[in-house]
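The values are calculated or read from the model by the stated rules, or taken from the named source; none is laboratory data. Here the structure is a predicted model, which is why all the values come from computation and not from measurement. Cβ coordinates were reconstructed from backbone atoms using ideal geometry, including for glycine residues, and neighbour counts include every protein chain displayed.
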Amino acid sequence: MSNHISNEDWISRLYQEMYGRMFTYATSILNDRTLAEEAVQDAFCILCIKVDEVIEKENPNGWLMRVLQNVMRNMNRQRTTMNRLIMTSLQVENLEEILVYDEEDVDILYGDVSARADFQLLKRVVLDNYSMLEAAEEFGITVDACKKRVQRMKQFLRKKFQISKT
Amino acid sequence: MSELNNQNRHNYSKYDEMSTEALEQILRLDFGSLDETESDIDAILYISEVIEKRKRQSNEIDVDTAWEKFKTKYHPYTDGRSLYDFGDEDSNQTSEEGISKISLHNGRNLLRFRRLMIVAALLVACLFGGIMVAQASGIDVLGVVGRWTDETFHFITAGSRELSTHKVDSEFYETVELTLDEWGIDKDLFPTWHPEGFVAQEPRVANLNDSDTISVSFKEKDRSYSVRISCFYVPTAETGSFEKDDVLIEEYLHNGDIFYIFTNIDTITATCYDGECMTTIGGSLTVDELKHIIDSIGGN
């Protein structure tokens with residue numbers, strides 16, 4: 001992040017200029033103001049990583065809109081996949097027994113998280129249409145931790161269902 | 001920072017006169033067809049700006065609060081990837097790779113946006129002025145309405161593609177099956193039989209907020225029809241509505257599913273919704289042809 005600090009003013013100005021347009025666009029597409037805001041914030045996070053390249057571009061506004069489009073497509077795709085995983089999970093009779101993480105996983109051993117809690121988190125994000133930030137705040141964690149736990153639960157459910165199919 | 005140049009502003013000024021609803025519809029239509037072609041990003045920027053100006057007047061957008069949230073809640077915790085990029089096969093490219101291949105100035109995009117303009121005009125005309133208004137504008141309303149009354153709005157490319165030289169073969173069938181498989185649908189939904197003389201067009205995919213849709217059009221010299229499969233993320237009662245004649249709807253049973261068959265002027269449509277996916281076959285077909293197509297679903 002340190003090498004981006006010198007570009008902070010440029011990012012700030014671009015944010016001031018573009019946020020409204022991007023939020024408007026995302027709201028039209030996602031039909032949800034909270035998710036739209038998160039998609040825009042996500043696009044600007046990506047900009048911060050790429051700022052040294054983007055600042056040289058002829059049309060950084062267009063670049064940002066492209067990134068926003070990709071973020072929204074990815075958001076829709078991930079939510080679709082996770083929705084189907086949840087729907088499949090909820091049809092399983094012994095779901096409570098299945099929702100146990102492998103204790104050999106170091107993150108699980110020392111992370112003080114349970115599969116059941118992560119499943120609740122995933123349902124908040126997918127079924128209740130919470131943004132990652134909204135879900136993170138409800139669970140008292142950072143947005144990064146929320147992402148990791150959602151990601152872990154998604155992988156966990158995928159693995160379980162692949163096993164059950166064979 | 002670059003801005004739209006004056007020439008572009010002049011070209012896009014037509015959007016100034018359109019309603020916010022019509023402009024938002026254009027944005028959604030464009031986004032829904034991103035898989036088949038890229039957007040005219042300058043038009044997107046322009047339209048978004050037009051809408052934003054209208055909404056700013058009603059204080060619906062608070063940039064300062066959003067900026068504070070960005071600095072304190074999002075940016076400090078970014079891991080270098082999108083929040084929804086989990087590094088798995090479901091993740092789309094959200095960074096440079098997904099962008100660099102796209103030209104920001106593309107004449108084809110302008111044509112595509114003109115088509116979207118026509119769609120929006122139709123939408124407004126049919127909502128507020130009736131179909132006759134659009135017909136008077138020389139637009140093939142009847143060819144479009146059957147599409148824009150359903151949920152997927154596939155009419156945006158109606159008549160816009162030249163006939164493909166591809167025959168109806170396994171290539172497109174496999175594409176459809178693979179796509180459905182990617183969506184987690186393990187049912188055989190796509191028909192395997194098509195009337196002689198029809199040529200299949202490339203499958204088109206649209207990802208909307210509540211569903212994924214894949215459709216294939218089939219064309220011969222004077223007739224055409226399409227097969228469209230929409231898979232909804234959650235079961236819904238809002239699968240879209242169809243225009244139809246004032247005649248009875250026929251229920252046609254196939255493999256335990258009911259296909260509802262109805263006519264609308266010179267087209268015939270069959271549609272079936274199993275709670276997850278909606279299959280729709282419609283166009284210039286005879287009833288026998290339509291039923292034969294339905295019968296081939298599931299590999300028969």
Could you say whether any residue in region B:30-42 is closer than 30 Å to A:Lys159 by Cα, modelled with pLDDT of 55 or more and not assigned by TED's automatic domain parsing to the domain that holds B:Pro203?
-> yes
Test result for B:His254, touching a residue at least 12 places away in the same chain (Cβ under 8 Å) and closer than 21 Å to B:Glu174 by Cα = no
A:Asn70 vs. criteria within 20 Å of B:Ala43 (Cβ to Cβ), modelled with pLDDT under 95, facing another protein chain (nearest Cβ under 7 Å) and surrounded by fewer than 21 Cβ atoms within 10 Å (Cβ to Cβ) | no
